[in-house]
Amino acid sequence: MFKKILIANRGEIACRVIKTARKMGIKTVAVYSDADKDALHVEMADEAVHIGPPAAAESYLVIEKIIDACKKTGAEAVHPGYGFLSERAAFCQALADNGIVFIGPNVRAIEAMGDKIESKKFANAAKVSTVPGYLGVIDDAAQAVKISDEIGYPVILKASAGGGGKGMRIAYSRDEVKEGFERSKSEAKSSFGDDRMFVEKFIVNPRHIEIQVLGDKHGNVIYLGERECSIQRRNQKVIEEAPSPLLDEATRRKMGEQAVALAKAVNYDSAGTVEFVAGQDRSFFFLEMNTRLQVEHPVTELITGIDLVEQMIRVAAGEPLSIKQNDVKLKGWAVESRIYAEDPTRNFLPSTGRLVKYRPPAEGHDDGVTVRNDTGVFEGGEISIYYDPMIAKLVTHAGDRLTAIDAQARALDAFYIDGIRHNIPFLASLMQHERWRSGALSTGFIAEEYPEGFAPLVAEGETAHVMAAVAAAVDHIANERKRQISGQMRTQRPVQFQRARTVHLGAQTFEIEIDTGDEAVLVRFPGGHAHRLESAWTPGQPVWDGEIDGEQIAVQVRPILNGYAIAHRGVSVDARVFTRAEGRLAALMPEKKGADTSKSLLCPMPGLVKAINVREGQDVKAGEPLCMVEAMKMENVLRAERDVTIKKINAKEGDSLAVDAVIMEFA
């Protein structure tokens, strides 16, 4: 077994590999760019080597720098994680040439399966069912249009070396092919250093289902069940689960056996994933094979009990698989949510900055439910513009699907982040969505269910009562503490006493009475409706975690003027808590209005101006592109929302802008 390995990656996956290596008694080496000098993976590793500037093309993607770091530290093997160099055959070969072991598949497997175009050809030759498409490299947009016309719309444009949804566009017309081809090609070049593109038919109402395979260097290959990854946005996975609610045992076995046959054909000898696009009738077509560890591997680990990183390390060291196909048993259900630094209310545009507060839910196993949080950040750390916006992967496991979903919802409610925008409100609301809960999924789920993007949910019904009750309870506890500190309560308080409060919850108003005693707070609403709240919450804690009427509930509470910003189940609202007299006066206060920005184009996220598409004085029609801003390796085209005339342009190509910076003004 190896004594020391280097992780050629960063963030969450680097931390994940370090944890398993530490468990196995293997020392670890981290590599880091200027932007990551204070990163968590650097802190966790036994050693760390600086490899260059923030841009991945000058640090994490430079093979020579990784090899040099191995030689400096004596690392015997390299785990590539995912992304970056993980599927680069040249990297695997360069390591071998220098006597360093690659913790991943052999070069031939990477070459045959890691390239989307070549893998399609290989799968066709191996009689694997594939999606109709053009399997050659496309030179330009004109050729892409011609091929798309022949295949029939819609089509999907893909970068041959792509992954993570980058370099990928769905096109429903010739114009969308023209524009999407150039954008995808550019993204592929900046993300992977390879701008080769291909086109295939886009299957309408599909599901994305993948099979986890595991092979060794002795000819053994097994499959570890499937994952469903149909909840996607911009072709990037958002929520994954295992197993899939679509498959029956016969289809699972058929897909698994086909995946194993494909892996055996290239002597696959590591963890890998064979991805399929599936119809609602359980028909399926080979999509691609990822010759690496997947982002969503934790859901498979939780339902099988198998540590995939450990298996990868053991296989790379030459050990045969100790697991046979008959040993693989799927137990329970696991759900994973990807926590991203992005603003769901601004069409999920990236958000960067400092994590002023980062308080994930407690990990562990309790009452049949497991909570796991894979992360690479820490409180006080910074989310950079240079890399993927993932903050963490929150995973829950339980005996059945709905219990795992409910556990995920509670964990999301307890996941507190402040300082940047994030997608937790969206994920929390999705956990309540009936279509998601029923398992009626497709890759178009988000586009279909949120056609206008995500708007914060409105507090109503029982949810509104819960939020108002928590706001009143925490305000009461905070005020009681203030009175004790100031000396206003020098005598023993009675066992029970009553307080009347007015709670303004957004546009709603609740007249509430509070009784306390017996380690609980009883909140009464008009008409006799009441809630019993029990919690060990103290002022200053960002999450109220306790029981309401016997049900375990978490509610986020952040102090604001005269109340608290409350978040629960995807609902975020300001709750103002007043005495009855204060409430009457507050109702008379005029509403403060924000500045009018209707005649300005604001930068929706921190990023780099890649292109200005208009000039001053130009008349622009609604829908036409105004400029393009790049952030976190994604190119975002900003379009006119209505017919406008460009009055003034305040930015130029190459400018680095902050969020809400004025890019241009309209007449």
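Key figures
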read-out: Close pairs from the stretch 260-272: first under 11 Å from Ile110 (Cβ atoms), partner among the hydroxyl-bearing types (Ser, Thr, Tyr) and assigned to a loop (DSSP other than H, G, I, E, B), Cβ under 8 Å, at least 6 apart; value: Tyr268/Thr291; Ser270/Thr291; Gly272/Thr291
read-out: Restricting the stretch 311-358 to residues that are surrounded by fewer than 20 Cβ atoms within 10 Å (Cβ to Cβ) and part of a strand (DSSP E or B), the residue that is modelled with the highest pLDDT; value: Lys357
read-out: Filtered residue count, the stretch 125-143, keeping only those that are of a type in the set (S, T, N, Q) and part of a loop (DSSP other than H, G, I, E, B); value: 1
read-out: Among (1) crowded, with 17+ Cβ neighbours inside 10 Å; (2) in a loop (DSSP other than H, G, I, E, B); (3) touching a strand residue (DSSP E or B) at 6+ places or on another chain (Cβ under 6 Å); (4) not hydrophobic (A, V, I, L, M, F, W, C), the one test that Arg372 misses; value: (2)
read-out: Selection count where residues are touching a residue at least 24 places away in the same chain (Cβ under 8 Å), within 24 Å of Gly461 (Cα to Cα) and part of a loop (DSSP other than H, G, I, E, B), scope the stretch 496-541; value: 3
read-out: Residue match in the stretch 399-407 (condition: hydroxyl-bearing (Ser, Thr, Tyr), in a helix (DSSP H, G or I), surrounded by fewer than 23 Cβ atoms within 10 Å (Cβ to Cβ) and in the same structural domain as Phe378 (by TED's automatic domain parsing)); value: yes
read-out: Glu342 vs. criteria acidic (Asp, Glu) and in contact (Cβ under 8 Å) with a residue 40 or more places away in the chain; value: yes
read-out: Residue match in the stretch 221-233 (condition: over 19 Å from Ala334 (Cα atoms) and in contact (Cβ under 8 Å) with a residue 60 or more places away in the chain); value: yes
read-out: The stretch 364-376 residues that are touching a residue at least 12 places away in the same chain (Cβ under 8 Å) and farther than 22 Å from Met390 by Cα, paired with ones that are not hydroxyl-bearing (Ser, Thr, Tyr) and not in a loop (DSSP other than H, G, I, E, B) (beta carbon under 8 Å, 6 or more apart); value: Gly368/Ala398; Val369/His397; Val369/Ala398; Val369/Ala404; Val369/Ala407
read-out: Qualifying position, being under 27 Å from Glu310 (Cβ atoms), surrounded by fewer than 24 Cβ atoms within 10 Å (Cβ to Cβ) and out of contact with any Gly (no Cβ under 6 Å at 6 or more places or on another chain), among Glu249, Glu240, Glu275; value: Glu275
read-out: The stretch 640-660 - residue that is under 29 Å from the mean Cα position of the chain (by Cα) and either modelled with pLDDT of 95 or more or assigned to a strand (DSSP E or B) (or both) and, of those, surrounded by the most Cβ atoms within 10 Å (Cβ to Cβ); value: Leu657
read-out: Evaluation of Ala57 against (1) out of contact with any Pro (no Cβ under 7 Å at 6 or more places or on another chain); (2) small (Gly, Ala, Ser); (3) on the phi < 0 side of the Ramachandran plot; (4) modelled with pLDDT of 95 or more (one fails), failing number; value: (4)
read-out: Unmet criterion (only one of (1) in contact with a strand residue (DSSP E or B) (Cβ under 6 Å, 6 or more places away or on another chain); (2) assigned to a strand (DSSP E or B)) for His365; value: (1)
read-out: Residue match in the stretch 534-545 (condition: acidic (Asp, Glu), under 22 Å from Gln484 (Cβ atoms) and outside the structural domain of Arg642 (by TED's automatic domain parsing)); value: yes
read-out: Pairs with Cβ under 6 Å, 6+ apart, first in the stretch 179-208 and of a type in the set (Lys, Arg), second modelled with pLDDT under 85; value: Arg183/Glu635; Arg196/Val137; Arg196/Ser160; Lys201/Val131; Lys201/Pro132; Lys201/Gly133
read-out: Check on Ile67, surrounded by fewer than 23 Cβ atoms within 10 Å (Cβ to Cβ) and outside any loop (DSSP other than H, G, I, E, B); value: yes
read-out: Residue within the stretch 441-455 that is part of a helix (DSSP H, G or I), touching a Lys or Arg at 6+ places or on another chain (Cβ under 6 Å) and surrounded by fewer than 23 Cβ atoms within 10 Å (Cβ to Cβ) present; value: yes
read-out: Options Ala459, Ala464: the member that is surrounded by 18 or more Cβ atoms within 10 Å (Cβ to Cβ) and in a helix (DSSP H, G or I); value: Ala464
read-out: Single unsatisfied condition, Val49 versus (1) touching a residue at least 24 places away in the same chain (Cβ under 8 Å); (2) surrounded by fewer than 21 Cβ atoms within 10 Å (Cβ to Cβ); (3) not in a strand (DSSP E or B); value: (3)
read-out: The one condition in (1) out of contact with any strand residue (DSSP E or B) (no Cβ under 8 Å at 6 or more places or on another chain); (2) in the same structural domain as Ser230 (by TED's automatic domain parsing) that Ala455 fails to fulfil; value: (2)
read-out: Selection status of Asp216, in the same structural domain as Lys264 (by TED's automatic domain parsing), charged (D, E, K, R) and buried (at least 18 other Cβ atoms within 10 Å of the Cβ); value: yes
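For (1) of a type outside the set (Val, Ile, Thr); (2) under 30 Å from Met664 (Cα atoms), each residue gets a yes or a no:
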site: Val557; (1), (2): no, no
site: Tyr564; (1), (2): yes, no
site: Val573; (1), (2): no, no
site: Met589; (1), (2): yes, no
site: Lys592; (1), (2): yes, yes
site: Lys599; (1), (2): yes, yes
site: Arg615; (1), (2): yes, yes
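The values are calculated or read from the model by the stated rules, or taken from the named source; none is laboratory data. Note that the structure is predicted; figures quoted are calculated from it, not measured. Glycine also receives a Cβ, built like all others from the backbone with ideal geometry; neighbour counts cover every protein chain displayed.
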